[in-house]
Amino acid sequence: MISLAVAGILAAGAAAAQSRDQIQVAGSSTVLPYASIVAEAFGENFDFPTPVVESGGSSAGLKKFCEGVGLNTIDIANASRKIREKEVAACAENGVTEIIEVRIGYDGIVFASQIDGPAFTEFTPDQWYKAMAAEVPVDGKMVANPAKTWADVDASLPAVEIQAFIPGTKHGTREVFEEKVLLAGCEESGALEAIQATGLDEKAAEKACMAVRTDGASVDIDGDYTETLARIDANPNGVGVFGLAFYENNTDKLKVATMGGVAPSTETIASGEYPVSRPLFFYVKKAHLAEVPGLKEFASFFVSDAVAGPNGPLANYGLVSDPELADTQAMIADEKSM
């Protein structure tokens, strides 16, 4: 719990006459636990109500965020990826023209399975590409992925049916998975070059690399990581894609694999050694700062040293502190938009 003394690092502000009861937040399931911790502490230590924090995925949260300006729209969108240009354009079309981008820190994507299940302890990106690809190049043609077991992919892996539970397409984690695992593995294995040799241009070949099979070997999870964990619980041979923080809070149920020979940890993510890591963000409507009581205070509190710093509660939950946190704090203080 964050004490009143910690909250005292910021000006709490007087409880103003409120035009809306609470700050409204939606988006990334990866950022959800961090935002929930901060929201609870904010409500306990400031003269503002506890913000309402909902999940739904990065894309869904940003879509809601871009619906317009006004107290009938959300104030903050959490995202496990940067906002896309087309989303910025959609925001602008609906009057959301000034957006403050806040990077809260870093997280890693891990590959975990039942703690007493098959020996999924070491993976490489090319193994995941070969297991997940919808089609693979064979003799100059693209054919349906023939791999049925992990051993079909690589003899060093367990000879059990491929059953992977990966983030659905509305989650920011999916984009990172596609680019840093599937595309990277496609390139490492030589498949990207072989796909281009079938007549596809580079963009189309990369898209083919990231196209996931739909024959049941891979299952999209549209909910949060608790749903992925439930699937793993029910499938002894299953492997799931999780955020590092979620895994670290479920080590009694899950074991994690290395990726490219590197074990995921706050240290390896902070150093950049672990290959599947990403920055985490939230986005604030600048127009709402003057309309929603406590919004600026909440944003500032979220990225304060005492909360998001290396010794804060978010780090204890698994967030890798941003070495440029002071710059982010100054940006919020100055209300600097993108």
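The values are calculated or read from the model by the stated rules, or taken from the named source; none is laboratory data. Keep in mind the model is a prediction, meaning the values are calculated, not measured. No Cβ is skipped: glycine too gets one built from the backbone with ideal geometry, and neighbour counts run over all protein chains shown. Areas reflect the complete protein model, heavy atoms only, side chains present, ligands, DNA and RNA absent. Shrake-Rupley method; radii C 1.70, N 1.55, O 1.52, S 1.80 Å.
Selection of segment 56-78 for residues being buried (at least 24 other Cβ atoms within 10 Å of the Cβ) and modelled with pLDDT under 95 yields GLY57, SER58. When restricted to residues that are more than 23 Å from PHE302 (Cα to Cα) and among the basic types (Lys, Arg), segment 88-137 contains 1.
Checked against the criterion of being over 25 Å from ALA119 (Cα atoms), in a helix (DSSP H, G or I) and in contact with a helix residue (DSSP H, G or I) (Cβ under 6 Å, 6 or more places away or on another chain), segment 209-221 contains one or more residues that satisfy it. Being over 15 Å from the mean Cα position of the chain (by Cα) and under 26 Å from ILE74 (Cα atoms): is that true of PHE246 here? In short, no. If the condition is being open to solvent by less than 40 Å² (accessible area, probe 1.4 Å) and among the charged types (D, E, K, R), then segment 192-219 contributes only ARG213.
Mind listing whichever residues of segment 244-281 are assigned to a loop (DSSP other than H, G, I, E, B) and aromatic (Phe, Trp, Tyr)? Scanning segment 244-281 gives a single hit, TYR274. Could you say whether any residue in segment 191-203 is within 28 Å of the chain's Cα centre (by Cα) and in contact (Cβ under 8 Å) with a residue 40 or more places away in the chain? Yes - at least one qualifying residue is present in segment 191-203. Listed by first and then second residue, the pairs with beta-carbon distance under 6 Å, at least 6 apart or on different chains, first residue in segment 51-73 and among the acidic types (Asp, Glu), second open to solvent by less than 40 Å² (accessible area, probe 1.4 Å), are GLU54/ALA26; GLU67/THR73. Here VAL212, VAL219 are screened, and the one residue that is farther than 16 Å from TYR129 by Cβ and out of contact with any Lys or Arg (no Cβ under 6 Å at 6 or more places or on another chain) is VAL219. Of the helices (runs of 4 or more DSSP H) lying entirely inside segment 81-191, those carrying at least 1 residues that are open to solvent by less than 10 Å² (accessible area, probe 1.4 Å) and at pLDDT below 95 are 172-177.
Checking the stated criteria, ARG278 turns out not to satisfy the condition of being open to solvent by 40 Å² or more (accessible area, probe 1.4 Å) and touching a residue at least 40 places away in the same chain (Cβ under 8 Å). Which residue, of VAL284, VAL241, VAL292, VAL307, is part of a helix (DSSP H, G or I), crowded, with 18+ Cβ neighbours inside 10 Å and among the aliphatic types (A, V, I, L, M)? One residue alone meets the criteria, VAL307.
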